[in-house]
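Enquirer: Sharing a structure below in structure tokens format, with a few things to ask.
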Amino acid sequence: MKDRQSAIQYAKALLKSDSEGNNLRQYQQELEDISGILNHTPGMLKLLDNPQIEHEKRADIIKGTFESSVSPTLLRLMLLLLEKRKLHFLPEITEEFHHMVAQRLGIVEVTVISPWPLSETLRADVKQELEKYSQHEIEIHEEVDPSLLGGISIIMASKMMDFSLQGRLNNLKQILLR
């Protein structure tokens, strides 16, 4: 819980650093890129978190790796996280920042659960219909759940819309048991 609260605070600070809102998407992409690099090279995170290596050398590693590819704001955030020994919070900060940016830009995050990965066509159709329904831009997150058998379930703003075969069978069962 404390880690999440810290991640939220760092994400809020990053959000506030762009008062105009002009760089939010850029920061979001840079955070995702940095998190991806650190996730795919776990030895790098261990190295950066190693207290036996001087702080300046670890800071030089961050600068050498990221200075040419991220904004000065993100570089300062990484150096601050290094100094506070909280680089391991980066995935949580990235996730929290993503949600904050979506909220600030009026984007509704929707989870679509299906028994198989959605085709590009079906994904586009679902997105279009949900945007018509909500009157907002939609960002779809997909989950695969083979137990649905067919159809999809949609979670949007804490509301569940179940169009799955499993959901329909459960409804039929409830009706028959009455």
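The values are calculated or read from the model by the stated rules, or taken from the named source; none is laboratory data. Since the structure is predicted, the reported quantities are computational estimates derived from the model, not experimental observations. Don't worry about glycine lacking a Cβ; one is built from the backbone with ideal geometry, like all the others, and counts go over all protein chains shown. For accessibility, only protein heavy atoms count, side chains too; no ligands or nucleic acids. Shrake-Rupley method; radii C 1.70, N 1.55, O 1.52, S 1.80 Å.
Enquirer: For residues that are open to solvent by 70 Å² or more (accessible area, probe 1.4 Å) and acidic (Asp, Glu), scanning just the range 17-55, find the one that is nearest to Thr65 (Cα to Cα).
Expert: Checking each candidate, the answer is Asp33.
Enquirer: Now a separate question. Those residues that are open to solvent by less than 90 Å² (accessible area, probe 1.4 Å) and not small (Gly, Ala, Ser), I need them from the range 61-71; list them, please. Before the answer, list the steps.
Expert: As a first pass, look at the range 61-71 and keep what is open to solvent by less than 90 Å² (accessible area, probe 1.4 Å): 61-66, 69-71.
Within the range 61-71, Ile61, Ile62, Lys63, Thr65, Phe66, Val70 meet the criteria.
Enquirer: Also, I was wondering about something else. Checking the condition part of a helix (DSSP H, G or I), touching a residue at least 40 places away in the same chain (Cβ under 8 Å) and not aliphatic (A, V, I, L, M), which residue from Thr94, Thr111, Thr121 passes? So that I can check it myself, show each step before the final result.
Expert: Working: Thr111 fails: part of a helix (DSSP H, G or I); Thr121 fails: touching a residue at least 40 places away in the same chain (Cβ under 8 Å).
Every option except Thr94 fails the conditions.
Enquirer: If you don't mind, another one. If you take the residues of the range 145-178 that are hydroxyl-bearing (Ser, Thr, Tyr) and more than 22 Å from the chain's Cα centre (by Cα), which of them is surrounded by the most Cβ atoms within 10 Å (Cβ to Cβ)? If you could, list the steps in order and put the result at the bottom.
Expert: To start, the set of residues in the range 145-178 that are hydroxyl-bearing (Ser, Thr, Tyr) comprises 147, 153, 158, 164.
Applying the additional criterion that residues be more than 22 Å from the chain's Cα centre (by Cα) yields 147, 164.
Details: Ser147: 8, Ser164: 21.
Among residues in the range 145-178 that are hydroxyl-bearing (Ser, Thr, Tyr) and more than 22 Å from the chain's Cα centre (by Cα), the one surrounded by the most Cβ atoms within 10 Å (Cβ to Cβ) is Ser164.
Enquirer: Out of Glu129, Glu142, which single residue is in a strand (DSSP E or B), surrounded by fewer than 17 Cβ atoms within 10 Å (Cβ to Cβ), of a type in the set (D, E, K, R) and out of contact with any Asp or Glu (no Cβ under 7 Å at 6 or more places or on another chain)? So that I can check it myself, show each step before the final result.
Expert: Values: Glu129 fails: in a strand (DSSP E or B).
Selected residue: Glu142, the only one of Glu129, Glu142 that is in a strand (DSSP E or B), surrounded by fewer than 17 Cβ atoms within 10 Å (Cβ to Cβ), of a type in the set (D, E, K, R) and out of contact with any Asp or Glu (no Cβ under 7 Å at 6 or more places or on another chain).
Enquirer: Going by the structure shown, is Thr111 under 20 Å from the mean Cα position of the chain (by Cα), more than 15 Å from Tyr27 (Cα to Cα) and of a type outside the set (Gly, Ala, Ser)?
Expert: Details: under 20 Å from the mean Cα position of the chain (by Cα): yes; more than 15 Å from Tyr27 (Cα to Cα): yes; of a type outside the set (Gly, Ala, Ser): yes.
Yes; evaluated as a whole, the condition is true for this residue.
Enquirer: Hey, another quick one. Just name the residue that is farthest from Gln135 (Cα to Cα) out of those in the range 102-119 that are open to solvent by less than 30 Å² (accessible area, probe 1.4 Å) and in contact with a Gly (Cβ under 9 Å, 6 or more places away or on another chain).
Expert: Result: Pro115.
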